[in-house]
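Okay, structure first, notes after.
The values are calculated or read from the model by the stated rules, or taken from the named source; none is laboratory data. Bear in mind the structure is a predicted one, so any value in this text is a computation, not a measurement. All Cβ positions, glycine included, derive from the backbone under ideal geometry; neighbour counts span all protein chains shown. Side chains included, ligands, DNA and RNA excluded: accessible areas come from the protein's heavy atoms. Shrake-Rupley method; radii C 1.70, N 1.55, O 1.52, S 1.80 Å.
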Amino acid sequence: MAEFLDQEIKFLPGVGPKRAELLNKELKIKTFKDLIYYFPYKYIDRTKFYKISEIHSQMPYIQIKGTIRSFETIGEGKKQRLTALFSDETGSIELVWFRAIKWQKEHLKLNKTYTVFGKPSDFGNRINIVHPDMETQEEQQLKPSGLFQGYYVTSEKMKNTYINSKTINKLQLTLANISRGKIAETLPDYLVDRLKLMSLEDSLITIHKPENTRDLKNATFRLKFEELFYIQLKILAVKHHRENKNKGFRFENIGYNFNTFYDKFLPFELTGAQKKVIKEIRRDVNRNIQMNRLLQGDVGSGKTLVALMIMLMAMDNEFQSALMAPTEILAQQHFNSITKMLNGMPVEIALLTGSTKKKDRKVLHEGLQNGTIQILIGTHALIEDVVVFKKLGLVVIDEQHRFGVAQRAKLWQKNDFIPPHVLVMTATPIPRTLAMTVYGDLDVSVIDELPPGRKPIQTMHFYENRRGQLNNFIKQQLERGIQVYIVYPLISESEKMDLKNLEEGYRHITEAFTDIKVSMVHGKMKPNIKENAMQAFKNGETKIMVATTVIEVGVDVPNAAVMVIESAERFGLSQLHQLRGRVGRGAEQSYCILMSSYKISNESKKRLETMVRTNDGFEIAEVDMKLRGPGDIEGTQQSGIGFDLKIANLGKDGEILQLARNVAMEVLEKDPGLQANENKILLRKLILAKQTDFDWSSIS
Ligand code: ADP
Ligand code: MG
C-alpha cells in the first residue's frame, strides 16, 4: 500500500509529462506523496460574498459576483496591461492583468457572470484588483464542497504557464479522491488512540479541503505532531544509543587542583547559578557515560570560570582538557585570562591557533602527546588530525553556534575508545523550543544569574535628530574617565560602503572630540595592526573605539561602559544583544545607545524597542524567533537537522513540540531498540528517513 503514494506525479490525471517537469523543477514535487505533503499556506473562506460598494483597500482577500462591462489594453510591450471594468448592482471596480494578457482576452467574456476573487488595492484614487481569480458559474458548481479553499505557493514561472494555486488545488482534489483507502498509517495504533489523533489518511485529505475549522484543526495537529515526533524520536534515539554505547571517563576525584583553586585562588564567590551548573556537570562526568552538555548563559554570566573549574576537575583525575574558541582573538583572551587566574598553580597551559609558528607547534604536539600539557586552548586548529593527546578527558567548546555537529563529532574521535566529555558553551540564548531541536541531543544547563554588583545596562534609542545630545553624553562620560565603543554595521555585500561609513564616522568622531585619542578596528585590517589598536584601547591609551562588529566576540574592557551602535536598525537582535554585552562588565553604570535613521521598518522598530525594554537574553531570543522564524536563528543552519519543516513551526508550536518530545521519550524508555511489534512501524520510518548519516539499524 505504501507504494501508492510513491507513484510518479506524471501519472496523476491532469498532470502529464510537461506539468510534471515543471512541478518537479519548481516545487520539487516528484511523486504523489510530494504533492499531498505540499500543504496550503493559508485558507480562504469562500462562502462570503461582498458587494462592490463595500470594498475598500484595507480588506484582505474578498469575493464578489458580477459581469465584465468592457476591456481596455493600455501601454506597449512589456509595460502593457489589460484592464476590465467589472460591475454588480452596487457599483464597478477595475480588474488588472500584467501577464498572459492575450490568454485573458481570449477566455474572458463580456456580460457573463463571474465570481471574482482577489485582494483589493489602492491605485491612484481608485481601487482595483490585480490578477484576480475568475470563475464562471459552471466552474463554481464543480468546486469541492469544502468551505475553505487552500492556497498554495507557486513560482512566477509556473504562473506564466498557467499553473497557479488554483491548479494545485484541483490536483490535490484529484489526488485526494483516488487516495481514499490507500494511505497507510505511519504512527503506531496505540499512539493514535491514546492521543486521539486523526488518521494519517484523513489528515492528508482534510488538510487540502477542510469542511470546517474543527476538522482543519485536528488534521493540522496530527500532521504537526507527527513531524515533530519523528524529529524528536530520531534525536533521542541517537542520544540513547550514544549513551549506551559510549562509555565515558569517570572523574571520581575532586582533588588538589580543584580545591586549591577554589580555596586560595578564586577572587570572588561563585554565583548560585554557577554552583548549580558545576554540580550538574560534576554529576555528568562521574557516571561512566560520555557527557554532552550545553551550557547557556548570557554574556558575562561567568561561563569561562565554570569551564575552568571542570578542567581542573579533569586534571585531578589525570586527564587533559581542550578549550576551543571560534576566533583567534577569543582564544588568546581565554589563554590570557586563564593563565592569569591559575598564576601560582602548577598547571601547564598551551595556546594553539592558526598563527602558532611551526617550530612551536612541534614542541606543543610533543607536550600534548606525552601529557605534560594539561590544558590546551585554541581555535579550530586543535581539531586537526596532527594534534594528538595522551589522555583527553574533556573538551569545552565556546560559542557553540559557530561549530557544527560534524566538528563536534570529530572531537569525539580524538581518543581511540572512549570519547572525551563535551561541554558546549553559548552566549546566544536560544528559545527553549529551538534548543529541544537544535541541541536536542544535548543536556542543557543554564546560568540564569549575573555576578553580583553589576548594574543593568541602560539602553536608549535615538533618532538622528538627537546626535547633538549623544555627543554631549559621550563627552560627559569621557570626562568621568569612561571609555566608549562606537560600532558600525558590516554587511558583506557592500563592504566598500561599510568601510566608507566607518571611516567617515571615525573622521566625525575625531573632529567632534579633538583632544581625545581614538582607535579604529575593522575586519580588513592586518592582524597585527588590529591587535595593536585593540591593545591600545584595552590599556586605556585610547578612549574611544570605532569599530565594526569584529568586536562582537572578544575584547573584555571593564572600563568601557558606553556602547553606541550606529545604524542599529541594520543589526539583528541577537547581534545587538551580543554587542551590548561588551559593556556592563565593570562597576560603573553602563549605557547602550542605539542610533537609527527615521525611516525604519516596523520589524526594525520592534527590535529596537525590545532592546530598550529588556536585558534578558532569553526574552530577546524569543522575540527574535517570532520576528524571523526559527530557520534564520543562528545555529540552526549548522545544526545538521533539516529545518525544512513542512507544517510545524518551532516559533508557534512549542506545546506540540513538548508533547512530541515527551511521547518520544516515553516510547524509547519502554523500548529503546524499538523492537516491540507495535513499534516496528517507528523503526522502519527512522531507517527510511536516513536524513542523517547515522546508521539506524545499529540501534538494536
Ligand atoms: P561569559 O564567558 O559567560 O561571557 P566570563 O566567564 O567571561 O563570562 O565572565 C565575565 C566576567 O565576570 C569575568 O571578568 C569574570 O572574571 C567575572 N566573573 C565570573 N564569575 C564571577 C563571580 N561569581 N563573581 C564575580 N565576577 C565573576
Ligand atoms: Mg565567554
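Within the chain, what whole-number % of the accessible surface is contributed by carbon and sulfur, with the 1.4 Å probe and all protein chains included in the calculation? That fraction is 51 percent. Quotient of the Cα radius of gyration of the stretch 558-619 and 2.2 N^0.38 Å, N being its number of residues: 1.11.
Size descriptor for the stretch 222-358, Kirkwood hydrodynamic radius: 17.4 Å (Cα pairs only, one decimal).
Full extension of the chain between Met59 and Lys391 gives 112.7 nm of extra length, using 0.36 nm per residue less the Cα-Cα distance. Provide the net charge surrounding Thr167, with neighbours chosen by a C-beta distance below 10 Å and charges set as Lys +1, Arg +1, Asp -1, Glu -1. Charge balance near Thr167 sits at +4. Helical runs (DSSP H, four residues minimum) scored at -39500 (n - 2.57) apiece and divided by the length of the chain put the mean residue ellipticity at 222 nm at -12000 deg cm²/dmol.
Assuming charge only on the beta carbon of Lys and Arg (+1) and of Asp and Glu (-1), the dipole of the chain about its Cα centre is about 960 debye to the nearest 20. When only Cα pairs below 8 angstrom with a gap of at least 6 residues are kept, the stretch 133-262 shows a relative contact order of 22 percent. Around the amide H of Cys592, modelled in the peptide plane, lie the amide H atoms of Gln458, Thr459, Met460, Met563, all under 5 Å away and 5 or more residues distant in sequence or on another chain. Only protein heavy atoms count here; on that basis, with a 1.4 Å probe, Lys51 has an accessible area of about 90 Å². On the beta carbon distance between Asn164 and Asn212, with R0 = 30 Å, the FRET formula returns roughly 0.70. Of the residues Asp443, Asp263, ranked by 1.4 Å probe accessible area with the largest first, the sequence reads Asp263, Asp443.
How big is the convex hull of the Cα atoms of the stretch 420-533, per residue, in Å³?
On the way: hull volume 26.7 nm³, N = 114.
Output value, Cα hull per residue: 234 Å³.
Within the same chain, aspartates and glutamates fewer than 8 places from Lys182 are excluded, and of the rest, those with a Cα less than 18 Å from its Cα are Glu3, Asp6, Glu8, Asp34, Glu201, Asp202. Our compactness index for the stretch 458-614, the C-alpha radius of gyration over the empirical 2.2 N^0.38 Å, is 0.97.
Taking 8 Å as the Cα distance limit and 6 or more residues as the minimum spacing, I'd like the relative contact order of the chain as a percentage. Can you show the working numbers first?
Details: 1181 pairs, mean separation 85.1, N = 700.
Contact order relative to length: 12 percent.
Once the Cβ-Cβ distance of Glu269 and Lys670 is raised to the sixth power relative to R0 = 35 Å, the FRET efficiency obtained is 0.20. A probe of 1.4 angstrom, applied to the heavy atoms of all protein chains, finds Phe98 with accessible area near 110 square angstrom.
With respect to the cross-link table entries Lys25/Lys646; Lys42/Lys626; Lys303/Lys359; Lys119/Lys217; Lys247/Lys646, which display a Cα-Cα separation exceeding 28 Å?
Beyond 28 Å between Cα atoms: Lys303/Lys359; Lys247/Lys646.
At 0.36 nm per residue, minus the direct Cα-Cα distance, what do Glu106 and Asp515 gain on full extension? Give it in nm, one decimal, please.
Going from the current span to full extension adds 139.6 nm.
Near Asn615: Cβ cut-off under 12 Å, other residues only, Lys/Arg at +1 and Asp/Glu at -1. The net charge is +1. The mean sequence separation of alpha-carbon pairs under 8 Å and at least six residues apart, normalised by the residue count of the stretch 285-381, gives a relative contact order of 34 percent.
Under 5 Å from the amide H of Leu351 lie the amide H atoms of Ile377, each residue being 5 or more positions distant or on a separate chain, with H modelled from the backbone and absent for Pro and chain starts.
Could you sort His522, His365 by their accessible area in this structure, using a 1.4 Å probe and putting the largest first?
His365, His522
Ignoring lysines fewer than eight residues from Lys543 along the same chain, the ones with Cα atoms less than 27 angstrom from its Cα are Lys340, Lys455, Lys475, Lys496, Lys500, Lys517, Lys524, Lys526, Lys530. Rounded to the nearest Hz, the phi-derived 3J(HN,Hα) couplings of the stretch 601-614 under the Karplus curve 6.51 cos²θ - 1.76 cosθ + 1.60 (θ = phi - 60°) are 6, 4, 5, 4, 4, 4, 4, 5, 4, 4, 4, 5, 6, 9, where x marks glycine and proline. Amide H contacts of Lys42 (H built 1.01 Å from N, in plane; Pro and chain starts excluded): Tyr151 sit under 5 Å, all sequence-distant by 5 or more or on other chains. Summing +1 for each Lys or Arg and -1 for each Asp or Glu among the other residues whose beta-carbon sits under 13 angstrom from that of Leu478 gives +1. Based on the Kirkwood approach, the hydrodynamic radius assigned to the stretch 50-143 is 13.6 Å, with every pair of different Cα atoms included. Relative to the Cα centre, the charge distribution of the stretch 50-143, modelled as +1 at Lys and Arg Cβ and -1 at Asp and Glu Cβ, gives a dipole magnitude of about 300 debye. Per-residue surface analysis assigns Tyr463 an accessible area of about 70 Å², computed on protein heavy atoms at 1.4 Å probe radius. Length gained on full extension, Ala587 to Asn528, computed as 0.36 nm times the residue gap minus the Cα-Cα distance: 18.2 nm.
Tell me, Kirkwood radius of the chain from alpha-carbon pair distances, in Å?
29.8
Under the simplified labelling scheme, the Lys157-Tyr50 pair shows an inter-label distance of 3.5 nm, with each label point 7 Å from Cα along Cα→Cβ.
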